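Notes follow once the structure below has been shown.
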Amino acid sequence: MHVRRRILLVVSAGAVLFALGFLPSHRLAQQKREQKKCLQYLLQVNEVLNCCVPLEKKMKPGDPIAPNDVLDFMKDRVLPRCPSGCKYLVPYVAGGRPVCPRHGDLLREVAQVNVFGSQAIYLKRSPGE
Ligand SMILES: [Zn+2]
């Protein structure tokens with residue numbers, strides 16, 4: 001084998017090894033950022049279900065909330081979406097806890113802000129889904 005060809009082989013093998021090591025960690029960092037953003041959005045929705053609307057309407061836990069009342073508290077009246085593009089599963093009740101279909105029940109691990117002083121109500125799916 002020619003020396004030059006051997007050098008080329010070593011260099012390209014190095015590039016492949018570099019790419020194999022680099023890509024997964026890059027993707028992992030991207031997934032972490034996505035999940036962090038997702039959690040921020042879930043917290044926004046959660047706060048509206050657990051504080052804003054129930055306080056304004058003097059609700060008890062489990063009282064139904066109109067989706068429009070949630071949108072009143074959202075920027076540009078748009079419900080945030082997961083950065084992955086998923087639509088959140090939102091239980092439209094006072095004390096409800098939104099869930100991301102892709103990232104799951106991220107709020108379970110987070111200290112709950114709740115005007116009721118109780119555990120948030122966890123519904124797997126919003127009514128009609
Ligand atoms: Zn998500």
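Just so you know, all these numbers are worked out from the coordinates, no wet-lab data involved. What you see is a predicted model, and the numbers here were worked out from it, not measured in a lab.
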Apply the a/c threshold of 1.5 to the C-alpha gyration tensor of the range 33-109 and tell me whether it is rounded, prolate or oblate.
prolate
How large is ³J(HN,Hα), in whole Hz, for each residue of the range 59-72 in order, when computed from phi with the Karplus curve 6.51 cos²θ - 1.76 cosθ + 1.60 and θ = phi - 60°, using x for Gly and Pro?
9, 9, x, x, 5, x, 10, 6, x, 5, 5, 5, 5, 4
